[in-house]
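Down below is the structure, laid out as structure tokens.
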Amino acid sequence: RGIFEDAAPLSKDSQAKPTGRLSARQLDRLDHLVYQLKIRGIYININLLVSRYFTEADGVKNAKLLGMAAKPASLFDARLIELQRAYAKELLSHVNPYTGLAYKDDPAVCMIEITNENSLFDRDLERLPPPYYEQIQEQAKHWKQLQAVERKYFESMTTYLKKDVGVKAPIAGIGWDASVHDIAAQASCDVIDHHAYWDHPRFPGKPYDQKNFTIHGKSILAGAKFGLIGSIKRYEVTSKPYTV
């Protein structure tokens, strides 16, 4: 259930448990996996914000209402960004005992992604709990447009990762089927990364219920515009590498 140590094992209240302290056991499992991939010539992409659930104990207001990765408040809230930076520095500066290298220095780490499938442009911002909706309204007034808010986030994160952490691998911003606004906001990143899924399971009941889902089972070649290929071609990214 993630890479963090349970900081309050006697408490049943998840909101009373601060996140951020790396579990020695889980970190060892990650280190060994990366080592095994490396010796087989398989490169690694490390994404810094995917399934983390922030808590009230982290100093995050209304954390329970933000959901996984606190999307999209994690793109503009100062406390959430501070927590992301702290985690990135601790993880990427950690020396893997199996390889003898920190992740920031290991050439087997071919890419760092800042955040997974996160955007200000596909969310109903009015559904954000307080104080986040009020924050984004104020920031939008100051920066004149929402794209500038995202751009500020990626500029600050790429600068921090390169200068303060010492990351050497190319940095991507959002791994996702991002909008043209998201792509423009990632100008400070080295790579534009695109996530796409052919025949992603659909869940008629509970999300990600492994016993209740459907797939259509059709060939990608039978899809309109060849399925994923059409979605990948939708955005013309010519200014920098485009990975899929």
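The values are calculated or read from the model by the stated rules, or taken from the named source; none is laboratory data. Model, not experiment: these values are computed from the prediction. Cβ coordinates were reconstructed from backbone atoms using ideal geometry, including for glycine residues, and neighbour counts include every protein chain displayed. These area figures cover heavy atoms from the full protein model, side chains too; ligands, DNA and RNA do not enter into them. Shrake-Rupley method; radii C 1.70, N 1.55, O 1.52, S 1.80 Å.
In table form, for the structure just shown:
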{"quantity": "Criterion violated by GLU113 - all others in (1) of a type in the set (Asp, Glu); (2) open to solvent by less than 50 Å² (accessible area, probe 1.4 Å); (3) more than 17 Å from GLY175 (Cβ to Cβ) satisfied", "calculated": "(3)"}
{"quantity": "Residue match in region 196-206 (condition: in contact with a His (Cβ under 8 Å, 6 or more places away or on another chain) and surrounded by 14 or more Cβ atoms within 10 Å (Cβ to Cβ))", "calculated": "yes"}
{"quantity": "Residue list for region 116-147, restricted to those being touching a residue at least 12 places away in the same chain (Cβ under 8 Å), open to solvent by less than 30 Å² (accessible area, probe 1.4 Å) and of a type outside the set (Ser, Thr, Tyr)", "calculated": "ASN116, ASN118, LEU120, LEU125, LEU128, PRO129, ILE136"}
{"quantity": "Qualifying residue in region 114-124 (condition: closer than 17 Å to LEU22 by Cβ and under 17 Å from the mean Cα position of the chain (by Cα))", "calculated": "no"}
{"quantity": "Test: residue in region 150-157 that is under 30 Å from ILE39 (Cβ atoms), in contact with a strand residue (DSSP E or B) (Cβ under 6 Å, 6 or more places away or on another chain) and surrounded by 15 or more Cβ atoms within 10 Å (Cβ to Cβ)", "calculated": "no"}
{"quantity": "All positions within region 1-57 that are basic (Lys, Arg), within 17 Å of LEU91 (Cα to Cα) and outside any helix (DSSP H, G or I)", "calculated": "ARG1, ARG21, ARG52"}
{"quantity": "Some residue of region 73-90 being surrounded by fewer than 18 Cβ atoms within 10 Å (Cβ to Cβ), part of a strand (DSSP E or B), on the phi < 0 side of the Ramachandran plot and not aromatic (Phe, Trp, Tyr)", "calculated": "no"}
